[in-house]
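Notes to accompany the following structure.
The values are calculated or read from the model by the stated rules, or taken from the named source; none is laboratory data. What you see is a predicted model, and the numbers here were worked out from it, not measured in a lab. Quick reminder, even Gly has a Cβ in these numbers, built from the backbone with ideal geometry, and neighbours come from all protein chains shown. Side chains included, ligands, DNA and RNA excluded: accessible areas come from the protein's heavy atoms. Shrake-Rupley method; radii C 1.70, N 1.55, O 1.52, S 1.80 Å.
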Amino acid sequence: MSRFEGRPVICSPEQLRLHRALEELGWTGVIDEFNDAARLKEQSVPEPILITTNWTILAGIGRWRLAVFEGRHEIHCIEYPLSEQEALQFIIRHHQPQSEWNKYIRICLAMKLEPYFQQRARDNMRAGGKYKGLANLPEAQHINVRQEIARVAGVGARSVSNIKTIRETAHPRLEEALRDGTLTINRAIQFCKLPRAEQLEQFIRYSEERATNKVIRRTIARPKEERASLDVVAVLDALQCREVREPGSVVVRVDRHNRTIVLISQDLLAGLHSQKELPLT
């Protein structure tokens, strides 16, 4: 069997495992892969799971999870003789087109290969007769290692440097948001310039503003005939009364839109409607 030929095998789902790098990152695949596997399980020729010779899953995490869930005893696989480092590179590249495997996930996984690339760089230097016995890599080789990580992750070298900074300085909540795709790397880097406690405060405010802007965009895009127009003066009077009764219950935020839009809670609206304080126009 050549290096790139697979061998069909039948395994027990219990024998298979995720790559260690995925488990260390806490990334165990996404629900969409499981759902796709469930939807396609009745196809006449099931797609096999790709694995290494030590039963590490290369592709087909959703199909594997479905097999475990259903209590199957056998599953069709194709086995490849890849090392742990080669397997991780395959996993990252294979899943790159899937949106759930975002830049943050791919870079964090590729960074697990840093010792491997460093050792390879040292071996290349020593093979060329340079830096014999040198323990540390010169700066040029450090740059090459970073570029190798970026190449595997399918990103620019600057993104790799940014993720290193984030992992050293970011509040854990920011890393969770990067992992699930609700925060971009560029925005996270801006937060990382702040102390950790302030990072969390700014992130919460940023998340609230994003959610508010999403509601505003939906409201603006909705046809006029579908909107209920409220008496503006009555709304402002009601908000003023609420703030007097419950200080801090009304929050004012500056927004980038060229219109002034007032958002009120459903409970306040329902209460005011029941009291007929806000007639619809």
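Quick look at the values:
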read-out: Subset of segment 200-213 (residues that are open to solvent by less than 50 Å² (accessible area, probe 1.4 Å), more than 19 Å from residue 167 (Cβ to Cβ) and within 20 Å of the chain's Cα centre (by Cα)); value: 206, 207
read-out: Filter result for the condition that a residue is surrounded by 14 or more Cβ atoms within 10 Å (Cβ to Cβ), at pLDDT 85 or above and in a helix (DSSP H, G or I), over 197, 234, 188; value: 188
read-out: Pick from segment 63-80, criterion under 9 Å from residue 13 (Cα atoms) and not hydrophobic (A, V, I, L, M, F, W, C), ranking: most open to solvent (accessible area, probe 1.4 Å); value: 73
read-out: Selected residue [at pLDDT below 65, surrounded by 10 or more Cβ atoms within 10 Å (Cβ to Cβ), over 19 Å from residue 175 (Cα atoms) and touching an Asp or Glu at 6+ places or on another chain (Cβ under 8 Å)] from 216, 261; value: 261
read-out: Residues located in segment 173-184, provided they are farther than 13 Å from residue 26 by Cα and open to solvent by 20 Å² or more (accessible area, probe 1.4 Å); value: 173, 181, 182, 184
